[in-house]
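The values are calculated or read from the model by the stated rules, or taken from the named source; none is laboratory data. Keep in mind it's a predicted model, so treat the numbers as computed, not measured. Cβ atoms come from the backbone with ideal geometry, glycine included; neighbour counts cover every protein chain shown. Just the protein is used for accessible areas: all its heavy atoms, side chains included, with ligands, DNA and RNA removed. Shrake-Rupley method; radii C 1.70, N 1.55, O 1.52, S 1.80 Å.
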Amino acid sequence: MNTLKSQILNCAYLFPIIFCLSCGSEKPSITDDEPTQKDGFQSFKLDLKEDKIRFVDLIESLKITRLEETEESLLRYVDRVMFHEDKMVFPGNQGAFYIYSNNGEFLSKFNRKGQGPEEYSRLTDVWLEDGILNVHSTGKSVTRYDLAGNFIDRDRMTEQAVHAYPYEGGYLLDMNLSYTLDSLKYSLVTLDEEMKLDKTFLPFDKYPGFRFSLPSNSLFELGDVLFYLREMGNTVYKVTADTIAPYILYDFGDDWYFKPGVEIKGDFSEEQRRKKQAWFVLNHLGTDYIYLYTTLGPRMDYSFFIDREDKKSVSIESRTSTNERLDVIGIGWDGDEFLFTLRSTQFIDLVDQLDKEQYSFTEGSSLEEIESSENPVLLRMKVKDF
């Protein structure tokens, strides 16, 4: 089963191999575990031991969009979607991009993966700016295309960043606690319009000699505001023109591995699994709600919905009616609607447990078509008050 969650589990158990590539810990004054109080700062207490509520019981309503399956558009899974006008863009299998209508009709696809001067070596990070697709390949470049796959131009990177995002005409780079080319030790740096090193943020003391990267971008936007969540951290930072400030703390208490004073070492995964503590989070930050995911190992997945207004959270039982792991692949929030995808077989199980008044289909989608498709289903969920 090739999902984002299974990728993370695989990463967790391949640390001895991955860590020989190259990461560090921040200075105690600005660690993820001890953020300073700022205007708008929020801290959410999360309990891995609290009773869970079934995912289906948290659904107030569901909007369902089938993703048309053709010989050219067989999708294994969908963990990212970008919207432009009346189109949806999905990064997909083997470096391909799939273009769909907002109603889920397949329109076209292209694949420019390769080693040529107008190609990308891998899809590390992708984003849309005014209908232009930007592809960041780790440590190499940001390459731009139109939605027909035509090459536009390229920015060659001068730093070996794990993740990148546009920032003030240049880029904000997540160095993942590794050195810059000038041997500077900062978690975040910026490149100006000429791709020269400009600003530096979040200094760290020690480089432990390895680098690890999760599939999702550690840099992300909500509205016009840019945020950063370090790969092995539990603090979301807010990025402004000249500062990086703690914005959200996900407080797991004693269930968090990287407490103050705990070093990031290449063999930490063995101790983490023994202690059964969380060491990373994936978050989908919305204006009103947050969807949070972490895992301690096989059959030890934890996900939460958090209400940002009253700071209440609910632990989700992500299982089907037959006790199979429910592979909710979170994408993000559109207002108060949580966007995610499910395998078609799991979707059928889920919708069978809902009242007909709770769900609706977009134009062109139907239950019969989804049942006969191998493509995942795109869902928009309103969360029931918890």
Highest average packing first - 161-174, 370-383, 200-213, Cβ atoms within 10 Å: 161-174, 370-383, 200-213
Per residue value of the accessible surface for the chain (all protein chains in place, 1.4 Å probe), Å²: 45 Å²
Under 23 Å from the Cα of K113 - lysines, other chains or at least 8 residues apart: K87, K140
Antiparallel bridges, percent of DSSP beta bridges restricted to segment 66-167 (to nearest 5): 95 percent
Unit charges at the beta carbon, dipole of the chain: most positive-side option, S365, F41, F258: F258
Sites K45 and R325, calculated FRET efficiency, Cβ-Cβ separation with R0 35 Å, nearest 0.05: 0.85
Label zone at R54 (point 7 Å along Cα-to-Cβ), backbone N below 12 Å, segment 351-383: 351-355
Local electrostatic count at Y120 - Lys and Arg +1, Asp and Glu -1, tallied over other residues with Cβ under 14 Å: +2
Whole-Å distance, taken between Cα centres, linking segment 117-161 and segment 38-84: 26 Å
Check: the chain dipole with +1 on Lys, Arg Cβ and -1 on Asp, Glu Cβ, in debye: 1400 debye
Segment 282-386 - percent of accessible surface contributed by carbon and sulfur, probe 1.4 Å: 42 percent
DSSP-defined beta bridges in the chain - what % are antiparallel, rounded to 5: 90 percent
Structure-derived mean projected area of the Cα convex hull in nm² - corresponding label in (1) 27.0; (2) 17.6; (3) 18.6: (3)
Highest to lowest packing among 255-268, 216-229, scored as the average C-beta count within 10 Å: 216-229, 255-268
